[in-house]
Amino acid sequence: MLTIGGLTPFTTIDYPGKLAAVIFCQGCAWRCGYCHNRHLLDTSQPSAYVWQDVISFLEQRRGLLDAVVFSGGEPTLQPRLPQALAAVQQMGFLTGLHTTGAYPQRLLDCLPHLDWVGMDLKAPFELYEAITGVTGSGAAAEQSATLLQQSKVPCQFRTTLDPFLLADNRIEKMRLMVEGWGGKLLLQQVLLR
């Protein structure tokens, strides 16, 4: 069903206020210089887990975990993500998504099966290409952010505090933009390896 690059069986930080497992989806079209999951970028990698084995694992965690978060890479790259979310939701888990907003139509298809979304904002939308290396990435992210604002799904907007954002008041522009949406921009530090 999904190409899975990793699985965290237990976390307290990936879904606000809930105990969760995280399924890391393989593949991402963007090439952000500070990416801390580079091993998940390559779409040609085979799945590290069989979907049915993940379902069996989750069956054993009913009553112990509150939520399952789909992260990446970029989970919305995978066509079967809406079906995977629906399956996990039917098991009684809350569902969460970590996304960059790279694929707005897939995000729209996922929204009925989501209980929470954390969207990573890379820069002011007009400057996305400088971070992602992909033409049109800012327009896609802006469309996804709009979809999230229009949905009733609770969401969190966050950004990685890259030095690029410290120039020309970019981080302040992003903060004001998110506050204009009625939210608060969460800052994440770059993890150096």
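Quick look at the values:
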| quantity | calculated |
| --- | --- |
| Which listed residue, of Val69, Val54, Val22, is part of a helix (DSSP H, G or I), of a type in the set (A, V, I, L, M), modelled with pLDDT of 95 or more and crowded, with 17+ Cβ neighbours inside 10 Å | Val54 |
| Total residues in segment 94-124, condition charged (D, E, K, R) and not in a helix (DSSP H, G or I) | 3 |
| Residue that is surrounded by the most Cβ atoms within 10 Å (Cβ to Cβ), among those in segment 1-19 that are in a loop (DSSP other than H, G, I, E, B) and in contact (Cβ under 8 Å) with a residue 60 or more places away in the chain | Tyr15 |
| Selected residue (only one of Leu165, Leu127, Leu148 is part of a helix (DSSP H, G or I), at pLDDT 95 or above and touching a strand residue (DSSP E or B) at 6+ places or on another chain (Cβ under 8 Å)) | Leu148 |
| Answer residue from segment 140-173, given it is more than 29 Å from Leu94 (Cα to Cα) and aliphatic (A, V, I, L, M) and is surrounded by the most Cβ atoms within 10 Å (Cβ to Cβ) among those | Leu165 |
| Residue among Pro79, Pro104 that is surrounded by fewer than 21 Cβ atoms within 10 Å (Cβ to Cβ) and touching a residue at least 40 places away in the same chain (Cβ under 8 Å) | Pro104 |
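The values are calculated or read from the model by the stated rules, or taken from the named source; none is laboratory data. Computed from a predicted structure; not experimentally measured. All Cβ positions, glycine included, derive from the backbone under ideal geometry; neighbour counts span all protein chains shown.
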